[in-house]
Amino acid sequence: MKDTKPFPVLKNDNLLRAARGEVVDRVPVWVMRQAGRYLPEFQELRKQHDFFTVCRTPELACEVTMQPLRRFDLDASIIFSDILVIPQALGLTVEMHAGVGPVLPQPINTPEDLKRLTPDGALSRLTYVGDAITMMRHKLEGRVPLIGFTGAPWTLMGYMIEGGGSKTMSKAKAWLSDHPEDTKLFLNLLTDAIMQVKAGAQMLQVFESSAEHLTKEDFLIWAVPYLRRIRDELVDRLTKKAVPLVPITLFAKGAGHSLKEQSELGYDVIGLDWTVDPIEARALVGPNITLQGNLDPQDMYRDADELRALTTEMVHKFGKSRYIANLGHGITPQTPITSMDVLVEAVHKAL
């Protein structure tokens, strides 16, 4: 039975305050993939359960979401899930292979294959994501806000055509020139399948993780219109249902060439990868959008003094106003746990 109790009162709202441009007690910090492979307790749980079983079982997803919060003084939690639950809901098989990552054994090879997708009822097949978010809001007891997330259409399309992760995205990029109308159909279909807020996420992040494979021109054609549609339709849907609006973050990895254009899409927060200079980014997006990022995940392997100095320098560049500290991409599996302690403490003490 669905939990209809009121959600607990939020005690640490620095993340949401930063996203809205309000004064914060301290710079908030969280880390992409903070619930995951670098934690031994996650590895222990994975010995007993398949990856997507964890995603589809709200109790397990909540346990993994909570694991980093038991260790670190983080300012946000992010629900444990995966961007590829959407291709699954659309009827594709997605497997997680050790040492390889996600594999889609029957990818979309031609426009004709789009007929294999089953968009009708896709959202109902994702109810476990909403159930996990609702359950997690209660388990958090108001400690920190809960972030929900989704993959963006171009990124999802890439996985579905390539059959997994790709260093070149050559098959997906070929669609842009070979099948432009079918690409629009595909991207619109994926856009329709993206939503998860009413269940209680207090902030959303849209991951355009494969933006780095697009030129600026292609990013503006094949990513921006769908990113705009996601934001606009989400706001419209929440408004019509009288659900309070939540801040929305756009993280387009490798799209530093289009920060100004990203800033015009209506997102509250723009995430930056580690190749972007914070001062240049602020000049491009202006003073009224929050920036998130952007320490190189590789810096987490440095000794404590180096990591502390780099983190402090990063926070000083961004400043205390309209800033959320994070890595410039997800934390990597072999990251020393002590580095997370150093990072979080350094962010909180920097200003």
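The table below gives the values:
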{"read-out": "Highest-fluctuation residue, Gly36, Gly286, Gly164 considered, GNM on the chain with Cα pairs under 10 Å", "value": "Gly286"}
{"read-out": "Glu95/Ser170 FRET efficiency (R0 30 Å; Cβ-Cβ; nearest 0.05)", "value": "0.85"}
{"read-out": "Calculated [θ] (222 nm, deg cm²/dmol) that DSSP helices of n ≥ 4 give over the chain, each run adding -39,500 (n - 2.57)", "value": "-13000 deg cm²/dmol"}
{"read-out": "Beta bridges by DSSP in the stretch 13-349, antiparallel share as percent, to the nearest 5", "value": "15 percent"}
{"read-out": "32 Å Cα-Cα threshold exceeded, pairs from Lys240/Lys320; Lys216/Lys317; Lys216/Lys241; Lys167/Lys241", "value": "Lys240/Lys320; Lys216/Lys241; Lys167/Lys241"}
{"read-out": "Cβ crowding within 10 Å averaged over residues, with 267-273, 183-189 ranked highest first", "value": "267-273, 183-189"}
{"read-out": "The chain: relative contact order in percent, alpha carbon pairs under 8 Å with at least 6 residues between", "value": "22 percent"}
{"read-out": "In Å², nearest 10: area of Arg20 left accessible to a 1.4 Å probe", "value": "110 Å²"}
{"read-out": "Surface accessible to a 1.4 Å probe, Lys171 within the full protein complex, Å²", "value": "110 Å²"}
{"read-out": "Solvent exposure ordering (accessible area, 1.4 Å, most first) of Lys320, Lys241, Lys349", "value": "Lys349, Lys241, Lys320"}
{"read-out": "Residues of type aspartates and glutamates that Lys171 reaches as a straight line, Cα spacing below 13 Å, ignoring anything fewer than 8 places off in the same chain", "value": "Glu162"}
{"read-out": "Solvent exposure of the chain as accessible area per residue, Å², 1.4 Å probe", "value": "43 Å²"}
{"read-out": "For the chain, built as a Gaussian network whose Cα springs stay under 10 Å, the top-fluctuating residue of Leu238, Leu74, Leu259", "value": "Leu238"}
{"read-out": "Label-point gap, in nm, between Lys47 and Arg70 - each point 7 angstrom along Cα→Cβ", "value": "1.5 nm"}
{"read-out": "Protein accessible area in the chain, 1.4 Å probe - carbon and sulfur %", "value": "52 percent"}
{"read-out": "Anchor Lys349: aspartates and glutamates whose Cα lies under 15 Å away (excluding residues fewer than 8 positions away in-chain)", "value": "Asp25, Asp73, Asp75, Asp305, Glu313, Asp341"}
{"read-out": "Gaussian network model of the chain, springs between alpha carbon atoms under 10 Å - residue of Thr127, Thr53, Thr93 with greatest fluctuation", "value": "Thr53"}
{"read-out": "Solvent-accessible surface (1.4 angstrom probe) belonging to Arg125, in square angstrom, nearest 10", "value": "100 Å²"}
{"read-out": "Size of charge dipole - the chain - debye, nearest 20, with Cβ of Lys, Arg +1 and Asp, Glu -1, no other charges", "value": "840 debye"}
{"read-out": "Unit charges at the beta carbon, dipole of the stretch 13-349: most positive-side option, Gly319, Thr215, Tyr301", "value": "Gly319"}
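The values are calculated or read from the model by the stated rules, or taken from the named source; none is laboratory data. In this text, all values refer to a predicted model and were calculated from it rather than measured experimentally. Neighbour counts run over all protein chains shown; Cβ positions are idealised from the backbone, glycine included. Note: accessible area is taken over every heavy atom of the protein model, side chains too, but ligands, DNA and RNA are not part of it. Shrake-Rupley method; radii C 1.70, N 1.55, O 1.52, S 1.80 Å.
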